[in-house]
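Shown next, in C-alpha cells, is the structure this report addresses.
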C-alpha cells in the first residue's frame, strides 16, 4: 500500500506511514493525539499509544495525505466514499479528497485519499504543495483554512524546508 518515500510506523493493530515530501505542516496530527504523534522523541509516531480507531481518525484529518494508515486488525483501511472533490484553499493549494491517483515527477504513481496540490506554480516537488505559495505571495480566492502554529510550523507566512522539520528523515 505504501510507496515512494514513506516511512512506516507499525503498531499491533494499525500501521501509520508518513511522507515528509507531502506534509504541509498544519499539525493536525500533533493536536490530534499527543501521545501518538510527538516531535521530541524517536520514533515520533507510536501507533500503539492509542486505540487503532483513534489513530485512524487523527490520520484522516491530515489534509495532505502525508499521513496514511493501514489496519492490521482486520478492520477496513481508509477508502474514500463519494466522488473526488477539489477545493481551492484561499491563497494556497488545491485540497483534493477522494480516490486520487498522483504521478510524481520521477514517474511513480501513488493512490491517495487526499492531497494538497500546488496551484501557485512555485513548488519544488510536483504536483504537491510545499508551501512555496507563502514565499511567492500567491493570492487567489478560496475557502479559508485554519492553520495552527506548532514546533513544526512556527510562522504562518513562511514555508519550512525538510532540513528544518524536527521529525527529520
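The values are calculated or read from the model by the stated rules, or taken from the named source; none is laboratory data. For clarity, every value in this text was computed on a predicted model and none was experimentally measured. Methodologically, a virtual Cβ is constructed for each residue, glycine included, from the backbone with ideal geometry; neighbour enumeration extends over all protein chains shown.
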>> Can you report the number of residues in region 109-137 which are closer than 20 Å to residue 70 by Cα and at pLDDT below 85?
In response: 1
> Which of the residues spanning region 11-22 are modelled with pLDDT of 90 or more and under 14 Å from residue 67 (Cβ atoms)?
Replying inline: 11, 14, 15, 16, 17, 18, 19
> Just to be sure, is residue 54 part of a loop (DSSP other than H, G, I, E, B), surrounded by 14 or more Cβ atoms within 10 Å (Cβ to Cβ), free of Cβ contacts under 8 Å to residues at least 40 places away in the same chain and within 18 Å of the chain's Cα centre (by Cα)?
Replying inline: no
> Does any residue of region 130-148 turn out to be in contact with a strand residue (DSSP E or B) (Cβ under 8 Å, 6 or more places away or on another chain), within 20 Å of residue 19 (Cα to Cα) and in a loop (DSSP other than H, G, I, E, B)?
Replying inline: no
> Which one is surrounded by the fewest Cβ atoms within 10 Å (Cβ to Cβ), of the residues in region 112-129 that are in contact with a helix residue (DSSP H, G or I) (Cβ under 9 Å, 6 or more places away or on another chain) and assigned to a strand (DSSP E or B)?
Replying inline: 113
>> Looking at region 62-70, can you tell me whether even one residue there is part of a loop (DSSP other than H, G, I, E, B) and loosely packed, with under 15 Cβ neighbours inside 10 Å?
In response: no
> Can you spot a residue in region 79-92 that is in contact (Cβ under 8 Å) with a residue 12 or more places away in the chain and under 22 Å from residue 11 (Cα atoms)?
Replying inline: yes
> Do we find that residue 109 is assigned by TED's automatic domain parsing to the domain that holds residue 130 and either surrounded by 18 or more Cβ atoms within 10 Å (Cβ to Cβ) or under 23 Å from residue 37 (Cβ atoms) (or both) in this structure?
Replying inline: no
